[in-house]
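Take a look at the structure below.
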Amino acid sequence: MTQLNFITSFNEDILKQSAPYFLNLIKDKWDPDLKLTCYYHDCSLDSYSLPDTVTYKNLKDVEDHELFITTYAKHNGTENNEIPYNRNLDAIKWSHKVFAIADKAHELIHNKDKADWLIWIDADIYLHKKINKEYILSVLNNEADICYMKTDPYFFAFNLNHQPTIDLLLDFKRVYVSGEVINYREWDDYFILTRLLKLYESHGLKIHYINENSLNKITHFKNNYKKIMNIRDEKGERLLKLSDKVTPDIAPARYKQLADLIRYYKPKSIIETGTWNGGRAIEMALAAFENQDEILYRGFDLFEEASTETDKEEFNVKAHNNKAAVLKRLREFRAKMFEKNKVFTFSLSRGNTRKILPNATADLVLIGGGNSYKTVLNDFNKLKKSKIILFDHFFRKDEDDLIPLEKYQGVNKVIKKLNKINKFKTVVLPSSDKVFEGGYTHLVFSTQDTSLPKLPPSVQSVPIHVNPRDCVPKDYIRNNIISNVKTINKWLDKCNGHNITAILVSGGPYLNIKELKQTIKNNPNSKVICVKHSYPTLLENGIKPWGCVILDPRPITGESTHGVIRTELFKKIDPTTNFFIASMTDPSVLEYIRKQTNKICGWHAFTESLREEKERNAGVKNNQVKILEELGLPEGATLIVGGTCAAMRSIGILHTLGFRNIHFFGFDCSMREPSAKEKKKTTGAEDEKPQPKYFKVTVNDKTFWTTGELLAMAQDCERTFGEMQLGMNFEYHGKNTLVAELWKIAQDKNNLLNFRKEYND
């Protein structure tokens, strides 16, 4: 019989505020077959009357927990009061859950009884129907290693019958115990866990995503999660009061374009539907204050009138705010601006815009509240006489052909309608952000004012997207793999994380050797890793790379993408260099290098050529990649993903080897202007229309010459710099290159305004 072992944790605050709703309902709505253990910290249970059907354990009694708290006490969100509190940097706060999960997992694994499932649930959920074992089993997948709901991760199920799950949980605890967590940009448990899940998933971990709709259909759980804070009981009474503090700011990449438009068009009056926490109002005002001294802002939001029902109807996934808290924030901002001789006049209105929004005009309107067609259309009709109307949440499909449900595509439908009206000009702005549920979201510019100046090229330009493909037929790649698997003796395997710095050198033409040498000097224990095109250059300048990554399925005698015969790249080999050679590499390359050195380590680059044809057509099931048996890869082989070239795959290799800190050199993806003769060169398959080999792209009003292959690499860099999915620390080196501009965008996406520093003083 399958065992279901539930676990949660709480401190005194949660125990006083929300845990009682959960714990006291255990008596009535909890199947006796479901075991629950509650870990508690920083409180005593002596003064509380709690259900005796629950097991309670003090985290003080958990091995390594107190040592972690003592050792990393200063990392409590303030760095010993050196910075304003940042909850994402509160390693102490987030460690409690980690140690509770690890402790219970250890207990169950070493118990004589069958461990089966360990299920984490938040202590602030509300049970409004009896929960039984049959229901829980119906939402789990016994073939999976991990089951959870992406959209609302208050429920995590770990299959302790599977070794990958146990390995993952050991790593989860190790990241904290070792102090490795401090090297990440965020220290909360969910951030760390999801990064580990990404890594483990690429190595074969099976994840089952629980469908939110299926949970809602059965409705055994009703979330009262703190970040939502608007859940009501059956009588409609709010279970938790909204905080007197606003939720933390977020800064999506597309909002940089919002600030750029405000700087360009210089509005004096702004209306926003969907004020949320007031942060965007401040950002827009600060951008406007760069050109004038007085700004009028009007904001509309549901605030505390929001409910679970409105969240579902309008596709809202963010926490709600108390109007009073937002008012306080904007008043503080107004006072701060007054000190700088800036006048910020504002008003806030609470309620559904379909009921309270008046017919009004402004220099600039941002429609960013609800996503339903009714709400978006209403907001537009009430505000359509304004000079500029910006729509947030225009959705498009992502690489996996995913997009939010049609009922949430209110902006898309309204824009489609506007495009049929000649007097309205609409432009979907290129900058976008990934939607958690799938798809991308954009801002849309709209106006009927013909007197307005045209959109600046920097805002309106549409990015070029390259869809790369293998440079040789898939059968060729497969034959290479079959041959190399038999002859390479050592293969890449996962290593523990460490603090050694990696200096990764690509083959860009603007490599600064002087800066590279200085970086090596500043990091005496660092390892230099390069790609084949930069290898000769480094040796010529007295730099002996620790590693060289090779990913090239073409013969050693051929010409590389840089116009160099490949044998020229390996004429001189330093005996200290480790060569990381992909299994898809042409065997002639392997043999050429093997004649000069035995320091060779193989690795497997994931490509569609590895997968079974039928699976490729049907999609991936249970997040497993089924590799063609004929290739001879061992079960559970490490597959390196992450890009179209050796330089980008090197990041995955370095992460697998335990590196977390990387300096980038030679990542240019641009070149000098080609000659007149070179500009006439074309590329493309025989069955395709020839395309220019060299072309220009513009980023931040700067123009660069590039190629399709280099642009594909630049796209990889943009995604890597923007998402930081593996929790690594990056430092880019280079100037006046395509990737240098992409790096600037990634670094500046949260810095929308020049006044920000002054405002935060």
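The values are calculated or read from the model by the stated rules, or taken from the named source; none is laboratory data. Being a predicted model, the structure only gives us computed values, none of them experimental. So basically every Cβ, Gly included, is an ideal-geometry build from the backbone, and we count neighbours across all protein chains shown.
Looking only at residues of the range 26-84 that are among the acidic types (Asp, Glu) and outside any loop (DSSP other than H, G, I, E, B), we find that the one that is modelled with the lowest pLDDT is Asp28. Residues that are acidic (Asp, Glu) and either in a helix (DSSP H, G or I) or outside the structural domain of Gly274 (by TED's automatic domain parsing) (or both) within the range 285-338 comprise Glu304, Glu305, Glu309, Asp311, Glu313, Glu314, Glu332, listed in sequence order. Scanning the range 571-580 for any residue that is crowded, with 21+ Cβ neighbours inside 10 Å and either of a type in the set (Lys, Arg) or not in a loop (DSSP other than H, G, I, E, B) (or both) turns up at least one such residue. Screening the range 291-309 for residues that are surrounded by fewer than 20 Cβ atoms within 10 Å (Cβ to Cβ) and modelled with pLDDT under 90 and picking the one that is farthest from the chain's Cα centre (by Cα) gives Glu305.
Checking each residue of the range 49-64 against the condition of being touching a residue at least 40 places away in the same chain (Cβ under 8 Å), loosely packed, with under 13 Cβ neighbours inside 10 Å and under 20 Å from Ile182 (Cβ atoms) gives no match.
When the range 527-556 is filtered for residues that are in contact (Cβ under 8 Å) with a residue 40 or more places away in the chain and part of a loop (DSSP other than H, G, I, E, B), the ones remaining, listed by number, are Lys532, Ser534, Pro545, Leu551, Asp552, Pro553, Arg554. Inside the range 344-366, residues that are β-branched (Val, Ile, Thr) and not in a helix (DSSP H, G or I) make up a count of 3.
Test Val414 against the stated conditions and say whether it is in contact (Cβ under 8 Å) with a residue 24 or more places away in the chain, of a type in the set (A, V, I, L, M) and surrounded by 22 or more Cβ atoms within 10 Å (Cβ to Cβ). Walk me through it before giving the result.
Numbers: in contact (Cβ under 8 Å) with a residue 24 or more places away in the chain: yes; of a type in the set (A, V, I, L, M): yes; surrounded by 22 or more Cβ atoms within 10 Å (Cβ to Cβ): yes.
Answer is yes for this residue.
Scanning the range 259-281 for residues that are surrounded by fewer than 24 Cβ atoms within 10 Å (Cβ to Cβ) and either hydroxyl-bearing (Ser, Thr, Tyr) or outside the structural domain of Asp363 (by TED's automatic domain parsing) (or both) returns Tyr264, Tyr265, Ser269.
Hey, which of the helices (runs of 4 or more DSSP H) in the range 156-270, taking only ones fully inside, have at least 1 residues that are at pLDDT 85 or above?
Working: elements: 163-177, 189-202, 212-218, 255-265.
Correct list: 163-177, 189-202, 255-265.
Based on this model, can you work out whether Asn341 counts as in the same structural domain as Ser372 (by TED's automatic domain parsing), more than 26 Å from Asn371 (Cα to Cα) and in a loop (DSSP other than H, G, I, E, B)? Spelling it out, Asn341 is indeed in the same structural domain as Ser372 (by TED's automatic domain parsing), more than 26 Å from Asn371 (Cα to Cα) and in a loop (DSSP other than H, G, I, E, B). Consider the range 723-755 and keep the residues that are surrounded by fewer than 16 Cβ atoms within 10 Å (Cβ to Cβ) and assigned to a helix (DSSP H, G or I). The one that is modelled with the highest pLDDT is Lys744.
Quick check on the range 699-709. Is at least one of its residues modelled with pLDDT under 85, among the hydroxyl-bearing types (Ser, Thr, Tyr) and outside any loop (DSSP other than H, G, I, E, B)? No, the range 699-709 contains no residue that is modelled with pLDDT under 85, among the hydroxyl-bearing types (Ser, Thr, Tyr) and outside any loop (DSSP other than H, G, I, E, B). Taking the range 395-447 as the range and being part of a helix (DSSP H, G or I), at pLDDT 90 or above and within 24 Å of Lys318 (Cβ to Cβ) as the test, the residues that pass are Gly410, Val411, Asn412, Lys413, Val414, Ile415.
Being of a type in the set (Gly, Ala, Ser) and crowded, with 22+ Cβ neighbours inside 10 Å holds for only one residue in Ser534, Ser526, Ser588, Ser560, and it is Ser534.
Confirm whether Asp46 is under 29 Å from the mean Cα position of the chain (by Cα) and of a type in the set (Asp, Glu). No, not satisfied.
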